[in-house]
1. So in segment B:96-140, with the set limited to residues that are under 18 Å from B:SER174 (Cβ atoms) and away from chain A (no Cβ under 13 Å), which one is surrounded by the most Cβ atoms within 10 Å (Cβ to Cβ)?
2. In the set A:GLY104, A:GLY100, A:GLY70, which member is farther than 27 Å from B:LEU110 by Cβ and of a type in the set (Gly, Ala, Ser)?
3. Please verify whether B:PRO143 is more than 10 Å from chain A (Cβ to nearest Cβ) and touching a Ser or Thr at 6+ places or on another chain (Cβ under 6 Å), treating the condition exactly as stated.
4. Check off (1) within 13 Å of DNA strand D (Cβ to nearest atom); (2) surrounded by fewer than 20 Cβ atoms within 10 Å (Cβ to Cβ) for B:LEU11 and give me the number that stays unchecked.
5. For a quick check of your reading: which helices (runs of 4 or more DSSP H) sit entirely within segment A:1-92 and have at least 1 residues that are assigned by TED's automatic domain parsing to the domain that holds A:VAL185, away from DNA strand C (no atom under 15 Å from the Cβ) and of a type in the set (A, V, I, L, M)?
6. Determine whether A:ASP52 is within 11 Å of DNA strand D (Cβ to nearest atom), away from chain B (no Cβ under 14 Å), farther than 30 Å from A:LEU189 by Cβ and among the charged types (D, E, K, R).
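The values are calculated or read from the model by the stated rules, or taken from the named source; none is laboratory data. All of these numbers come straight from a predicted model, not from anything done at the bench. Cβ placement follows ideal geometry from the backbone for every residue including glycine, while neighbour counts extend to all protein chains displayed.
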Protein chains: 2
Amino acid sequence: MPPKSNKRAKLLKAARKLIHRQGFQSTTLADIATAADVPLGNVYYYFKTKDDIVRAVVEERTQRFVDLSGQWEQHHDPVERLKCFIQMPITISRSIADHGCPVGSLLQELSKKPDSSDLATQTLQAQLNWVIEQFHQLGCDDPEPLGRHFVASLQGASLLANTLNQPSVIIEQSEQLIQWLHTVVDNRLSIKVGDATGPE
Amino acid sequence: MPPKSNKRAKLLKAARKLIHRQGFQSTTLADIATAADVPLGNVYYYFKTKDDIVRAVVEERTQRFVDLSGQWEQHHDPVERLKCFIQMPITISRSIADHGCPVGSLLQELSKKPDSSDLATQTLQAQLNWVIEQFHQLGCDDPEPLGRHFVASLQGASLLANTLNQPSVIIEQSEQLIQWLHTVVDNRLSIKVGDATGPE
DNA sequence: GTCTATATACAGATAGAC
DNA sequence: GTCTATCTGTATATAGAC
């Protein structure tokens, strides 16, 4: 347990950063090795192939989201949890304006790669499922389209912020999304109040 | 003027298709040459470098949008023109579900390439400017955020349709966008009616 | 576990005959 | 203008010493 090397972690961290900045294909193993301060030949002790590295990066990102969303469970109101979700891209809006959404841009690249489509969509799928679950818990009759709109809005905002190189686009569109979220919740309440067939 | 070879056009067409399916970096000149039925060495007579090819593809796409939007001028109502815009992704929704938005996915890839950011964003910038102009002509006080929301919604929908491999996501989100468009127009009218400082 | 040196493959680009 | 053969660089991956 003790002197276990941290080289694998250093490689993963370097890979995550470089893949976000340069894309997967443009990032060479030599780039990653140099950034992690590990000799090139040693990389293969930790990862059999380059594909193994990107798989580890994606799975780490997915796990990170699972952990984060777990923390958000402390909020009893799903609306508050969804606002936590919106806060994510706002926090890294500078980085998104510079290099795109780390989830969305890698998804686009990997989805064009043969035999990688499951891996490609893994993180966004997890986010989408979680978001839909929140709308479900809010008692929305049809949570799927709402969840898709929610996730699509943020992905679209990220792409546009990247296009214009303006982090403010993320903030601006997030505000519009929060307004939309409130109208959705308000409509649902008014329906529930007047609808004897609703839950409770 | 007479027997001018069509090889350049065939190469461009093949490049457009392959870049959309495989991405720019994964598409080799040999791929393009084979698909266009042109010997590899002959490609360089028409395009100095591989970067020249992708530049031509992007500029062709931008020009195509300019031509299309020009046709839409026959509609006097900007709302009708915006609906024409929405119709674009719907028409190719199967293709988007399979390979992503041809504009958005190439943008993400090129924007990570050094010295390509202007080219990368060219087509989406043209679309965004045109959309904003429509909201401006509608008399909206603040057309920029509205235009960004409009474009972001469709890009987000395309990414999600690709993620889920479901063309229906495009249709579904487009319907939500049209509803939103109508509320924007209705609000603008009610404000204009009650606002003595408005235009006219 | 770590690292140097290198094998292998392939893609962009060029030379030069026709 | 067209095409074959090939050069050159570079990236993944491996061999094998330590």
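1. Here the residue is B:PHE135.
2. Sole residue among the options that is farther than 27 Å from B:LEU110 by Cβ and of a type in the set (Gly, Ala, Ser): A:GLY70.
3. no
4. Going through the list (1) within 13 Å of DNA strand D (Cβ to nearest atom); (2) surrounded by fewer than 20 Cβ atoms within 10 Å (Cβ to Cβ), B:LEU11 breaks only (2).
5. A:50-71, A:78-91
6. yes
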